[in-house]
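Working notes for the structure below.
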Amino acid sequence: MKYHAYNIIISIVLLILLIGCSPKLKWRFSKEIPLGEISPIGIVYEDDGFWLSDAERNRILKVNFDGVIQEEYKGFHRPMHISGDDSSKIYIPEFLIDNIKVISKGRVKNIVLLEKPDAPAAIDVENDLIAVADFYNHRIILQENDTITILGTEGHGNGKLYYPTDVEIKGSLIYVADAYNNRVQVFDKQGDFIRNIGEMDSINVASGIYVSNTHVYVTDFYGNRLLVYDFGGNLIQELNEHLNKPTDVIVSEQSLYITNYGGNTIVIYKR
Amino acid sequence: MKHIIYIIAILLFSITAAFAQQRQVNVRVDGLSCPFCAYGLEKKFIKIDGVENLKIDVDKGILTFTEKEGETVSEEDIRKAVKQAGFTPREITYTKQPIKDEKDRNTKR
């Protein structure tokens with residue numbers, strides 16, 4: 001009887017371990033989409049393709065899943081990390097002229113910022129809340145209707161930022177690619193520091209982030225890696241196949257898409 | 001006599017035009033392969049009076065511009081702009097470029 005119970009316990013433990021290590025939960029390289037002369041920085045996923053920012057040629061592009069250009073908007077001023085919303089609007093920070101624009105139904109319009117950034121590197125929008133990564137001011141600007149909240153100041157300690165390049169609103173929290181502190185920092189919407197992620201993982205410029213319902217994804221620009229963390233900051237997986245100066249990442253269902261600024265490609269992992 | 005003066009004047013003008021040159025400034029900076037770094041540097045330089053035809057070679061880490069005709073950009077202003085962008089200038093060199101025609105001169109980055 002004891003021997004039988006012992007076997008059941010061992011089997012349960014082994015089953016739990018097997019599920020935990022299951023290949024189905026791990027990302028694996030799938031394919032690479034060549035983009036020709038597009039040097040991608042930011043990416044937004046849609047059901048029929050991707051929106052990309054090409055700062056080198058000052059344009060925003062819609063490409064299909066083969067990398068073929070479907071739409072092109074020129075005349076931007078170094079567009080960096082872009083963002084999309086549920087109504088198919090694309091928000092574009094213009095790094096060179098401290099401006100935010102939006103593409104909506106084929107038209108390009110300005111968005112008014114009450115607090116002027118110095119080199120906006122990224123934007124995220126959720127309902128009435130706008131978050132802007134203010135690169136040279138080492139801070140995040142939150143604008144909700146007429147209310148401004150500033151997250152971070154220049155520095156290297158907790159709650160300090162050093163050249164932030166990406167920002168993501170997720171629930172009640174704000175996730176920041178704190179690029180030249182080589183980590184991700186998490187704040188609440190009142191500006192209070194919550195936690196650091198990735199500080200001990202030798203990231204060499206945290207260039208882009210994406211936050212899903214379960215994980216935080218960080219592109220390591222000079223390390224040519226993508227790091228996957230849980231919300232506690234534990235490193236779950238490190239991806240490095242076919243990555244060449246990655247700048248941004250997005251996840252849709254069972255696919256993960258990474259922009260390769262150095263290789264002019266989009267790299268796809270699946271699980 | 002008048003004809004000779006006119007001819008000399010035309011010759012002098014032609015020679016001057018032939019030798020008219022703008023100075024191209026080449027600034028070597030480490031760490032320009034990151035797009036935020038490269039375009040941040042560009043952002044600081046476009047604010048400097050006298051700078052035109054600004055270009056950045058991300059692969060080589062070199063920023064180049066030409067000085068507007070009749071204007072000089074000081075080395076102090078160059079180093080200050082590089083530092084404001086978060087970098088340390090490694091090397092500043094100068095080359096002469098022939099003054100282009102009006103169409104090319106007004107080309108912007």
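Overview of results
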| quantity | calculated |
| --- | --- |
| Conditions (1) crowded, with 21+ Cβ neighbours inside 10 Å; (2) charged (D, E, K, R); (3) away from every other protein chain (no Cβ under 14 Å): number failed by A:D166 | (3) |
| Flag for A:I266 being crowded, with 20+ Cβ neighbours inside 10 Å, away from chain B (no Cβ under 13 Å) and assigned to a loop (DSSP other than H, G, I, E, B) | no |
| Unmet criterion (only one of (1) within 23 Å of A:G191 (Cα to Cα); (2) touching a residue at least 24 places away in the same chain (Cβ under 8 Å)) for A:K101 | (1) |
| Residue within segment A:121-141 that is free of Cβ contacts under 8 Å to residues at least 12 places away in the same chain and closer than 16 Å to A:K89 by Cβ present | yes |
| Residue list for segment A:204-218, restricted to those being under 23 Å from A:I169 (Cβ atoms) and within 12 Å of chain B (Cβ to nearest Cβ) | A:V205, A:A206, A:S207, A:G208 |
| Filtered residue count, segment B:16-61, keeping only those that are part of a loop (DSSP other than H, G, I, E, B), more than 11 Å from chain A (Cβ to nearest Cβ) and either at pLDDT below 85 or under 27 Å from A:H81 (Cα atoms) (or both) | 6 |
| Residue match in segment A:194-211 (condition: surrounded by fewer than 24 Cβ atoms within 10 Å (Cβ to Cβ), modelled with pLDDT of 95 or more, out of contact with any Phe, Trp or Tyr (no Cβ under 8 Å at 6 or more places or on another chain) and farther than 27 Å from A:G157 by Cβ) | no |
| Candidate set: segment B:52-93, residues that are touching a strand residue (DSSP E or B) at 6+ places or on another chain (Cβ under 6 Å) and polar (S, T, N, Q); chosen: the one farthest from A:D134 (Cα to Cα) | B:T93 |
| Those residues of segment A:62-81 which are assigned to a strand (DSSP E or B) and either closer than 21 Å to B:I46 by Cβ or within 14 Å of chain B (Cβ to nearest Cβ) (or both), in sequence order | A:K74, A:P79, A:H81 |
| Among (1) under 18 Å from the mean Cα position of the chain (by Cα); (2) at pLDDT below 90 - the single one B:S74 does not satisfy | (2) |
| Top-ranked residue in segment A:108-147 [being outside any loop (DSSP other than H, G, I, E, B) and loosely packed, with under 12 Cβ neighbours inside 10 Å; ranked as nearest to the other protein chains (Cβ to nearest Cβ)] | A:N110 |
| Residue under evaluation B:K68, criteria (1) surrounded by fewer than 15 Cβ atoms within 10 Å (Cβ to Cβ); (2) away from chain A (no Cβ under 14 Å); (3) among the basic types (K, R), criterion not met | (1) |
| Failed criterion for A:E238 (all others in (1) farther than 16 Å from A:S207 by Cβ; (2) part of a strand (DSSP E or B); (3) acidic (D, E) hold) | (1) |
| Answer from A:I236, A:I258 - the residue that is more than 14 Å from chain B (Cβ to nearest Cβ) and under 19 Å from A:T165 (Cβ atoms) | A:I258 |
| Checklist (1) in contact (Cβ under 8 Å) with a residue 60 or more places away in the chain; (2) surrounded by 13 or more Cβ atoms within 10 Å (Cβ to Cβ) applied to A:L96, failing item | (1) |
| Test: residue in segment A:179-192 that is assigned to a strand (DSSP E or B), within 30 Å of B:D59 (Cα to Cα), in contact with a Pro (Cβ under 6 Å, 6 or more places away or on another chain) and more than 14 Å from every other protein chain (Cβ to nearest Cβ) | no |
| Segment A:88-104, subset modelled with pLDDT of 95 or more and more than 15 Å from A:I130 (Cβ to Cβ), residue farthest from the other protein chains (Cβ to nearest Cβ) | A:I103 |
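The values are calculated or read from the model by the stated rules, or taken from the named source; none is laboratory data. Worth saying up front: this structure is predicted, and the values here are computed from it rather than measured. Because the Cβ atoms are built from the backbone with ideal geometry, glycine has one as well, and the counts that use them run over all protein chains shown.
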